[in-house]
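Take a look at the structure below.
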Amino acid sequence: MTLKNLSIFLVLSIYVLVIIVAYSEGPLVSVQSFILGLIGILVITFIASSIAKSINLVDEADGLRKHHEGKIPLTGGLILFISIIYGALVFGVNTFYIYIIASLLPIMIIGTLDGLKAIEVPWALRLVGQILASWIVILTTDIYVRDLGNLFGQGIVNLGGFGIPFTILGVVGVCNAFNMLDGKDGLAASVAIVIVSSIFILLFFQGITFMMGLVIISSLIIFLVFNLGFFGAERKIFLGDHGSNAIGHIIAWILIFLSQEEKIITAISTIWFAFLPITDALMTIARRLMAFRSPFLGDNEHFHHILSNIGLSDKKVLFIFISISILAASIAFLSNFWEFKEYNLFYGYITLLVILLLITNQRKIV
């Protein structure tokens with residue numbers, strides 16, 4: 001047995017041991033299990049990065065939309081997946097979130113294959129994986145968007161049977177919105193941390209411990225440590241499409257669960273919680289359609305591209321994204337805490353979206 005294989009065996013053994021003890025309520029559950037999990041994730045990340053380079057599961061600069069140096073392992077999504085599974089099983093989460101984690105398998109499998117240079121995965125197959133993932137949640141939990149709340153000020157907007165396709169379209173949309181957002185180091189993960197943290201704080205004020213939120217935040221922070229180069233450029237990793245899509249999938253279903261099943265947040269406030277990825281995606285798609293281009297073809301017109309093109313550094317772009325996310329999440333938080341009128345939130349968002357579209361289009365014309 002090689003040293004690498006021995007390391008993998010030992011790490012997996014530790015994980016299994018902690019999970020077994022967790023279910024038997026043994027002494028490792030608490031600080032010890034957290035420390036062991038942290039060490040395990042760090043070791044797995046080092047090992048996975050080496051394996052990814054050997055099998056060419058890497059991202060390379062193309063001089064157009066990707067400007068990083070060297071071959072960066074696309075293992076961030078897999079590390080997040082492993083970390084979230086560990087945290088959910090050891091520390092305990094609502095059963096609904098276990099179904100969400102299980103539903104990530106199609107996204108993980110197809111996304112990982114897509115990252116391999118030797119395999120060409122069409123974009124349609126990636127969409128199929130996202131649709132299957134949503135169906136898994138719906139069929140196992142019977143949870144989906146049944147109403148949009150008092151969206152127009154004329155009473156509750158019930159979707160009836162249309163709620164299922166509407167839900168699938170919405171979740172797939174958020175998956176791809178996070179994928180579009182993942183254009184620079186730390187953007188998608190940092191925005192996700194802000195969103196989940198704001199939900200955690202809202203639930204905390206209502207006397208609810210959002211354990212799944214803590215698991216997600218911790219897992220994302222571990223990823224960011226590598227992604228932002230705290231362990232050096234040679235240890236840097238990217239989320240990959242499977243990672244950004246998985247983040248979008250999880251956050252979309254958390255918002256659906258809290259708005260439709262738990263009725264803790266309003267349906268329209270979900271857009272404000274996930275303001276930046278949703279707005280960036282809608283604006284990008286609108287611009288492509290107005291230019292008679294396919295909405296599925298990549299370009300350099302995302303919000304982070306616009307900020308970079310005016311001369312802002314990557315750190316400043318990251319700061320702006322985090323700031324916008326905090327502001328939007330605060331609006332979502334306060335709207336639920338102080339019970340803002342839902343139709344005001346909806347029309348306010350539409351107004352802001354139109355203004356942003358006009359500004360960006362004016363920039364092009366000038």
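Looking at region 225-267 only, could you name the residues that are small (Gly, Ala, Ser), closer than 18 Å to VAL43 by Cα and in a helix (DSSP H, G or I)?
Listed by number, the list holds a single entry, ALA233.
Any idea which of (1) part of a helix (DSSP H, G or I); (2) under 23 Å from PHE303 (Cα atoms) is the one PHE204 doesn't satisfy?
The number of the failed condition is (2).
For region 268-286, which residues satisfy the criterion of being part of a loop (DSSP other than H, G, I, E, B) and either touching an Asp or Glu at 6+ places or on another chain (Cβ under 7 Å) or within 16 Å of HIS305 (Cα to Cα) (or both)?
Taking region 268-286 first, the residues part of a loop (DSSP other than H, G, I, E, B) are 268, 274.
Answer for region 268-286, where residues must be part of a loop (DSSP other than H, G, I, E, B) and either touching an Asp or Glu at 6+ places or on another chain (Cβ under 7 Å) or within 16 Å of HIS305 (Cα to Cα) (or both): just ILE268.
Report yes if some residue within region 13-36 is at pLDDT below 65, crowded, with 17+ Cβ neighbours inside 10 Å and β-branched (Val, Ile, Thr); otherwise report no.
Yes, the conditions are met somewhere in region 13-36.
Name the residues in region 93-134 that are touching a residue at least 12 places away in the same chain (Cβ under 8 Å) and assigned to a loop (DSSP other than H, G, I, E, B), would you?
Answer for region 93-134, where residues must be touching a residue at least 12 places away in the same chain (Cβ under 8 Å) and assigned to a loop (DSSP other than H, G, I, E, B): VAL93, ASN94, LEU104, LEU116, LYS117, ALA118.
A quick yes/no check of all residues on (1) in contact with a Lys or Arg (Cβ under 7 Å, 6 or more places away or on another chain); (2) crowded, with 24+ Cβ neighbours inside 10 Å; (3) β-branched (Val, Ile, Thr):
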{"position": "LEU203", "(1), (2), (3)": "no, no, no"}
{"position": "GLN206", "(1), (2), (3)": "no, no, no"}
{"position": "LEU214", "(1), (2), (3)": "no, no, no"}
{"position": "PHE223", "(1), (2), (3)": "no, yes, no"}
{"position": "GLY232", "(1), (2), (3)": "no, no, no"}
{"position": "LEU239", "(1), (2), (3)": "no, yes, no"}
{"position": "HIS242", "(1), (2), (3)": "no, yes, no"}
{"position": "ILE247", "(1), (2), (3)": "no, yes, yes"}
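Give all pairs with beta carbons closer than 8 Å in which a residue from region 207-230 that is touching a residue at least 24 places away in the same chain (Cβ under 8 Å) meets a residue that is charged (D, E, K, R); count only pairs at least 6 apart in sequence or on separate chains.
Matching pairs, first to second residue: PHE226/ARG235; PHE226/LYS236; ASN227/ASP185; ASN227/LYS236; LEU228/ASP185; GLY229/ASP185; GLY229/ARG235; GLY229/LYS236.
Does ILE222 satisfy being over 14 Å from the mean Cα position of the chain (by Cα), over 14 Å from VAL171 (Cα atoms) and outside any helix (DSSP H, G or I)?
It is false that ILE222 is over 14 Å from the mean Cα position of the chain (by Cα), over 14 Å from VAL171 (Cα atoms) and outside any helix (DSSP H, G or I).
I'm checking my understanding of the structure. Among residues of region 298-321 that are closer than 30 Å to PRO122 by Cβ and charged (D, E, K, R), which one is surrounded by the most Cβ atoms within 10 Å (Cβ to Cβ)?
GLU301
Let's see how each residue does on (1) at pLDDT 95 or above; (2) among the hydrophobic types (A, V, I, L, M, F, W, C); (3) on the phi > 0 side of the Ramachandran plot:
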position	(1), (2), (3)
PHE205	no, yes, no
ILE216	no, yes, no
LEU224	no, yes, no
PHE238	no, yes, no
GLY248	yes, no, no
PHE257	yes, yes, no
SER269	yes, no, no
ALA274	yes, yes, no
ARG293	no, no, no
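May I ask you to say which residue of ILE324, ILE306 is at pLDDT 90 or above and either of a type in the set (Phe, Trp, Tyr) or assigned to a helix (DSSP H, G or I) (or both)?
Answer to the check: ILE324.
Does ILE247 fit the bill of being without any contact (Cβ under 8 Å) to a residue 40 or more places away in the chain and within 22 Å of GLY37 (Cα to Cα)?
Here the answer is no, as ILE247 does not meet what is asked.
Collect the residues in region 308-355 that are over 23 Å from the mean Cα position of the chain (by Cα) and more than 29 Å from GLY155 (Cα to Cα), keeping them in residue-number order.
Within region 308-355, ASN309, ILE310, GLY311, LEU312, SER313 qualify.
Being of a type in the set (Val, Ile, Thr) and out of contact with any Gly (no Cβ under 6 Å at 6 or more places or on another chain) is the filter; apply it to region 167-198 and report the residue that is nearest to ASP147 (Cα to Cα).
Ranking the qualifying residues of region 167-198, first place goes to THR167.
Quick test for you: out of ILE107, ILE98, ILE84, pick the one residue that is surrounded by fewer than 18 Cβ atoms within 10 Å (Cβ to Cβ) and among the aliphatic types (A, V, I, L, M).
Going through ILE107, ILE98, ILE84 in turn, just one is surrounded by fewer than 18 Cβ atoms within 10 Å (Cβ to Cβ) and among the aliphatic types (A, V, I, L, M): ILE98.
Can you confirm whether ARG146 is among the charged types (D, E, K, R), under 29 Å from SER308 (Cβ atoms) and more than 13 Å from the chain's Cα centre (by Cα)? Reasoning before the result, please.
Numbers: among the charged types (D, E, K, R): yes; under 29 Å from SER308 (Cβ atoms): no; more than 13 Å from the chain's Cα centre (by Cα): yes.
Considered against the rule, which asks whether it is among the charged types (D, E, K, R), under 29 Å from SER308 (Cβ atoms) and more than 13 Å from the chain's Cα centre (by Cα), ARG146 comes out as no.
Could you figure out which of (1) at pLDDT 90 or above; (2) more than 25 Å from ASN150 (Cα to Cα) isn't true of LEU334?
Status for LEU334: all satisfied but (2).
Any idea which residue in region 79-93 is farthest from the chain's Cα centre (by Cα), counting only those that are at negative phi and not aliphatic (A, V, I, L, M)?
PHE91
The values are calculated or read from the model by the stated rules, or taken from the named source; none is laboratory data. The model shown is predicted, which means the values in this text are computed figures rather than measured ones. Reconstructed Cβ throughout: ideal geometry from the backbone, glycine too, with neighbour counts over all protein chains shown.
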